[in-house]
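The values are calculated or read from the model by the stated rules, or taken from the named source; none is laboratory data. Computed from a prediction, not measured in an experiment: that's the story for all the values here. Here the Cβ positions follow ideal geometry from the backbone for every residue, glycine too, while neighbour counts run over all protein chains shown.
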Amino acid sequence: MREKFNEALKEAMKAGDKRRVGTLRLINSALKDRDIEARGLGKGRTSDDEILQLLQKMIKQRNDSIEAFDKAGRVDLATVEREEKAIIEAYLPQQMNADEMRAAVKTAVAAVGAASVKDMGKVMAELKAKFAGKMDFSKANAVVKELLTQ
């Protein structure tokens, strides 16, 4: 994935796409920070799954910013965040739709033998292990809670 980011950065620089260049530099910077942190903990380079989690986190940050800017009436800043979010999302695998997510959650609940909301952490850990980058875990969290409270 790192190579993808670097190639896309070169292409964006040649094309003069400032928004894409800036966003890709943010991604590369976050990756370098993660690598430095991992090195300090005695781990190797950040894996592709960890990169996907990092991208998900960046999208969540953009969503929070968009919401805050919309509430504050700052359409200009919300637009910038939406553009960055779209660029980041292009590097994620296709996200699961609601039906696929519900089926995956049901499978995970059965796999860990979850019986109540107390087992929610186990289910979420199972989902994160299997569907990193493919599932919006904040939405999945609501589905898990709904299934476990029935």
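Structure data summary
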item	result
Selected residue (criterion: nearest to the chain's Cα centre (by Cα)) from residues of segment 76-92 that are surrounded by 19 or more Cβ atoms within 10 Å (Cβ to Cβ) and of a type in the set (Asp, Glu)	84
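Residue-wise test of (1) modelled with pLDDT under 85; (2) among the small types (Gly, Ala, Ser).
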{"residue": "45", "(1), (2)": "yes, no"}
{"residue": "68", "(1), (2)": "no, yes"}
{"residue": "77", "(1), (2)": "no, no"}
{"residue": "81", "(1), (2)": "no, no"}
{"residue": "108", "(1), (2)": "no, yes"}
{"residue": "132", "(1), (2)": "yes, yes"}
{"residue": "142", "(1), (2)": "no, yes"}
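Residues are listed down the side, and each one gets a yes or a no for (1) part of a helix (DSSP H, G or I); (2) surrounded by 14 or more Cβ atoms within 10 Å (Cβ to Cβ):
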position: 56; (1), (2): yes, yes
position: 62; (1), (2): yes, yes
position: 73; (1), (2): no, no
position: 114; (1), (2): no, yes
position: 135; (1), (2): no, yes
position: 138; (1), (2): yes, no
position: 146; (1), (2): yes, no
